[in-house]
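Working notes, beginning with the structure itself.
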Amino acid sequence: MYDVKKESGEGTNSCDCTRHCNENRREKGKLDSKMERYTAKVNRCVESLHNSHDNIEAMKRERDRLNPNMVESFFVDTSSARAVAKHNDRIDQARRMHERIDDAIDRHNDLVEKRKEAEEEAKEALEELTREALHAIDEDISMVINRLEGVVSNLANSDDADDLLAAIDVCTIGLRVYAMFDDSIEDSSARKECKEGIEKINKTFATLCAQDSMQNYMADIYRRNLDLVQNNAAVAQQIDEVLASVDQKQIDAHFKSIDAVLATKVNTKFDYNSVIDPAVIDKIVVDIKNAIDSLKLNIEKAKACQCVTAAIELGKAGGRRRSPS
């Protein structure tokens, strides 16, 4: 019989699959980590550019405030040395601010170039990491096809019909996997390996399907499944007929009676060891008699419920006997 653990090589193949899964997780983690670093670098450049732009605009506003306009220069009191000195100081401050603006613009342009370089680095890194990831995916697809081909080969060499049928199932899985991922394989060597593996699977699949013994075995399975479906349909019809013949009110009343019997509480604990008062003893005797009567009544109710249940079961049995075999 088909043994998944045995045929799939649990000691080797499953370990390889686990190793590949762990490698994929590690590679994805490395890719995400690298792209986070590149993205952070680009974001820092963008933030620096925003700050530089805001700083330049602020310095321009300060320069415009310091720099005297033509009207202010025209009305400067040239006879006052203090007024002239103040006017010239404003012009000098405005000139120095203009020089600072020029330096800031140069630094801003440098930041623009750094941002371009960072974006280019991030783009190249993403392309490289994408190629590496695609290569890893190609290897995984090739590994799956090879594993399936190995399982198919082992099962196809069995003399057990169930193993051969399982081989056909695994073949269909391999063909579906190849059809899904064939166009996604970029690596030429992986594509070649996959093609060779799927050709072997396809050949085995054709050989197994062409065997008369397998065709007869699959036809028997189909007939058995068809009989099961038909029998299930007949049973379902019997159930519907039995349910249709049942008086729902009678069933509800029956279960209410059962619930009432189960819910009845009868006291069976009487403490009379230390009682010496005759009146108290007489009361205890009366309570014991009442408890016995209550128990007998519940027993009678339980028997009545049992009779109703038996009648229902008899009706079901009659329905089954009337149904076709």
* To do: Could you list all residues from the range 82-122 that are within 60 Å of the chain's Cα centre (by Cα) and free of Cβ contacts under 8 Å to residues at least 12 places away in the same chain?
  => Asp102, Asp103, Asp106, Asn109, Asp110, Glu113, Lys116, Glu117, Glu120
* Looking at the range 157-185, which of its residues are in contact (Cβ under 8 Å) with a residue 40 or more places away in the chain and assigned to a helix (DSSP H, G or I)? -> Ala161, Asp162, Asp163, Leu164, Leu165, Ala166, Ala167, Ile168, Phe181, Ser184
* Only residues that are out of contact with any Lys or Arg (no Cβ under 9 Å at 6 or more places or on another chain) and over 13 Å from Ala104 (Cβ atoms): list them for the range 45-59, please. => Glu47, His50
* Structure fact -> Counting only residues in the range 224-255 that are in contact (Cβ under 8 Å) with a residue 24 or more places away in the chain and among the small types (Gly, Ala, Ser), the one farthest from Glu300 (Cα to Cα) is identified as Ala234
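So that you can scan it fast, the table gives a plain yes or no per residue for (1) among the aromatic types (Phe, Trp, Tyr); (2) at pLDDT below 80; (3) assigned by TED's automatic domain parsing to the domain that holds Glu124:
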residue: His20; (1), (2), (3): no, yes, yes
residue: Arg26; (1), (2), (3): no, yes, yes
residue: Tyr38; (1), (2), (3): yes, no, yes
residue: Ser52; (1), (2), (3): no, no, yes
residue: Arg63; (1), (2), (3): no, no, yes
* Go through the range 275-301 and give me each residue that's at pLDDT below 70 and not charged (D, E, K, R). => Val275, Ile276, Val280
* Asked: Is at least one residue of the range 212-220 under 15 Å from Val152 (Cβ atoms), touching a residue at least 12 places away in the same chain (Cβ under 8 Å) and either outside the structural domain of Glu149 (by TED's automatic domain parsing) or surrounded by 11 or more Cβ atoms within 10 Å (Cβ to Cβ) (or both)?
  -> yes
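The values are calculated or read from the model by the stated rules, or taken from the named source; none is laboratory data. Remember, predicted model here, so these are calculated numbers, not experimental data. Glycine also receives a Cβ, built like all others from the backbone with ideal geometry; neighbour counts cover every protein chain displayed.
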